[in-house]
1. I'd like to verify a number: residues in region B:366-394 that are part of a loop (DSSP other than H, G, I, E, B) and either under 30 Å from the mean Cα position of the chain (by Cα) or of a type in the set (Ser, Thr, Tyr) (or both), how many?
2. What residue, of A:Ala193, A:Ala209, A:Ala164, is within 14 Å of chain B (Cβ to nearest Cβ) and at pLDDT below 95?
3. Residue by residue through region A:147-193, note down the ones that are over 30 Å from B:Arg125 (Cβ atoms) and surrounded by fewer than 16 Cβ atoms within 10 Å (Cβ to Cβ).
4. Residues B:Leu142, B:Leu183: which one is buried (at least 22 other Cβ atoms within 10 Å of the Cβ), modelled with pLDDT of 95 or more and of a type outside the set (S, T, N, Q)?
5. What are the residues in region A:112-127 that are free of Cβ contacts under 8 Å to residues at least 40 places away in the same chain and either basic (Lys, Arg) or in a strand (DSSP E or B) (or both), if any?
6. Hey, any hits in region B:198-217 for a residue that's within 14 Å of chain A (Cβ to nearest Cβ) and surrounded by fewer than 18 Cβ atoms within 10 Å (Cβ to Cβ)?
7. Would you check which residues across region B:338-365 are charged (D, E, K, R) and outside any loop (DSSP other than H, G, I, E, B) and list them?
8. Identify the residue in region A:98-113 that is among the hydrophobic types (A, V, I, L, M, F, W, C) and within 23 Å of the chain's Cα centre (by Cα) and, among all such residues, is surrounded by the fewest Cβ atoms within 10 Å (Cβ to Cβ).
Amino acid sequence: MTLDRSDASYGRVLLSVCLLAALAAGLVVPAPALAGDSVTIVFVEPSEVDADSGDSFELDVVVSDHGDYNANGIDELSFDIEYDPDVFTVADVEHRSMLAAGDPDAEVVGSAEIDDETGTVSIEQEREPSGDGAIATEPAVTITVEIADDVSPTTETIDLTNGAATLVTDYPQSVFERDATVAIDGGGEQTDADADANADGDPDGVTLADDPDEGGSGDGTGGADDGSSAADDESGAGAADAGQSEVAESDDGDPIPGFAATASIVAVVAALAYALVASRS
Amino acid sequence: MQNPDTIDRRAFVRLGAATGTLALAGCFGTEDENGTDADPDDDSGDEAGDGTGDDVTAAPELIEVEDPPEAVYVPTHREAMRMLEPIHEGDFALAPMLSYPHPFWVIAGGGDDDEVERVDPEDGRGVHMMFTLWDAETGIVLPVDEGAQLRVLRDGEPVGSPRSPWAMISQEMGFHFGDNVPLPEDGTYTVEVTVPSISTRKTGDLEGRLEQSETMTFEFVYDDEFRHEVVEGVEYLDEELWGQRGALEPMEHGHDGHDDHGGDDDHGDHDGHDDHDGHDDHDDHDDHDDHDDHDDHDDHDGHDDHDDHDDHDDHDDHDDHDDHDGHDDHGGHHVPYSALPRIEAYPGTRLVDPNADEVAVETSDLPRSGDAAVFATLLESGSRLADGDEGYLLVSPRTPYNRVPLADMSIVATVERDGEVVAEPALEQTLDDEYDLHYGASVEGVQPGDSVTIAFESPAQVARHMGYETAFLEMPPVELVVEEP
């Protein structure tokens, strides 16, 4: 199976934005990463592929970066794509335009080192001239992947690792990486190496309120008020803002006020997006 | 000083909400107005290239807490910083710290006490420069803004204009001074910090000290190694913690691999203070049990170390007051954290919440105003803090988890008996070697059973790091009663 790139473009955008929305909403759990206050997100698109043994398909590695507080973008980018070399072979790597975004005179100078022994593609890119750097959500590379002929039905992961992005200010960015899965011949039991990645929810180094409504009652000026969201101020202005009805749920222990409803919306939309992509391809 | 992007709290909330809304809107509409598919390769008109338009470019997408509570909350991440060797001059000691430029919030001062301004870095190149200032003899962190100045030089030439760093509070660092400082290029920079004499009322061992302005100098290297160090040391928290009511523990706790050595107060090790890697070991969270050990040190200065509570409130009270006796027995660069004494350390007759079921035993149990925990006690006549034979009303507002003092407030107390006002003292900000920063006044004739209203005429005039910027703003009065014997 080979994905048609034009067909996939709509889905690419849709999934990109949904992934970002999901990340913003907290639906996607970012892998621990080197980080500052702002982030670069690197993800594979499509994030789920159905294919047969012997097929080839293309994957975009999309990079999303919104720059720093002063609208400085990135001018250096690198990451590794890792895969099972017994299952996949990377036949081609095409550098794409993400790092040149925002300046028609800018170019992406890149290298790609394919190591099919270890199953690693190492990507390094620079923007020339650096200018203000790239602020965009676009594919950084497209890889063509071939599936071996003799693969039993399985579900494999194509991982992104060692992501690094540097702003034109020379400050490194935080990088969050999202992987892709490939279901071959209907898929199989997935080896989920990441299953335990977030098992450690131990809030070491954090003191949590014993009670979300904690605080002395005083004359009603203490904890009772404190339980409210900042959006829930006395003027009601905050509560009147879009989509804030769920904010009050923070009193009920919603870890991230507004998260649950937002995440649900994103989940539904992402599912619809994926269905649309699947139907078009 | 900088270019504050002035917003009030409601605007701040809208910004957070808008970011999420825009992102979601992108899901619902990736076609342009003509109904054609958006093309991620199309550079036209959408610099962000993500289908969300210029709005997102104007508000950089960050990992941030949407709609934070109007209270102290857990931020998204723990900052990393390079800690330089403390320096001493006269009565002062100062520990410089550097991180990457990042925003903070200042009190707007526009008439509405609940207004904050987010101050973004004016340049992406540079550092967030901070320093903790304390009395070299007693170890008391000096949580008052008396107008420090810093000048940055390179090869003897000034870099930018002199700056007046903001008095700030952060969950990790407590009270400190800081500002974002642009730097033109890599190199070695010299910083001169001038601290003025402390005019705030000083009592106890602090009386007569800190009267002389001093200038201290330090150097640092701004280079690729530094940038990677302070960014790669950042630790994102599990996102389910983001925005929950609570706080990061002070950076000494859980980050320097406490190992219970003899129960000594290792907080000051700041293992990496001198080797600039103090935050490389984020994974070395000590377990909370270690915290109990720290109580041992309260003995040094007479503070009772009552309990081995494992409660969170105790986690942060370890290095603060053992510092007060000035011991620096850690062989390293002990930087005190500005935690106030635990409430049990204060003598006198407590002022209690008349509606509470039981008397608070921890800071987190105290009555709150704007999420500030408000402790108050009436010291008996003859107290060294009082005038003559009068009693002394001591009010100690603090952050609810880490007990960071809330400085530069304007507080008035109204004492009533049988519905009649019997005293209405304005409380004076005071620095004491034993009780640290508090607001106090001599009062006469206050009796058990009297009701005391603590009114906050202005909130703490200190800048805030993430997690504190929505707290301690609107501070309604707190009604207390002088505890009956």
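1. 8
2. Criteria check complete, one pass: A:Ala209.
3. Once the filter is applied, which keeps residues that are over 30 Å from B:Arg125 (Cβ atoms) and surrounded by fewer than 16 Cβ atoms within 10 Å (Cβ to Cβ), region A:147-193 yields A:Ala148, A:Asp149, A:Asp150, A:Ser152, A:Pro153, A:Gly186, A:Gly188, A:Glu189, A:Gln190, A:Thr191, A:Asp192, A:Ala193.
4. B:Leu142
5. A:Ala112, A:Glu113, A:Ile114, A:Asp115
6. Checked against the condition, which is being within 14 Å of chain A (Cβ to nearest Cβ) and surrounded by fewer than 18 Cβ atoms within 10 Å (Cβ to Cβ), region B:198-217 yields no hits at all.
7. Residues satisfying the conditions are B:Glu344, B:Arg350, B:Asp365.
8. Filtering first and then ranking leaves A:Ala112.
The values are calculated or read from the model by the stated rules, or taken from the named source; none is laboratory data. Bear in mind that the values here come from a model prediction, so they are computed numbers and not experimental data. Quick reminder, even Gly has a Cβ in these numbers, built from the backbone with ideal geometry, and neighbours come from all protein chains shown.
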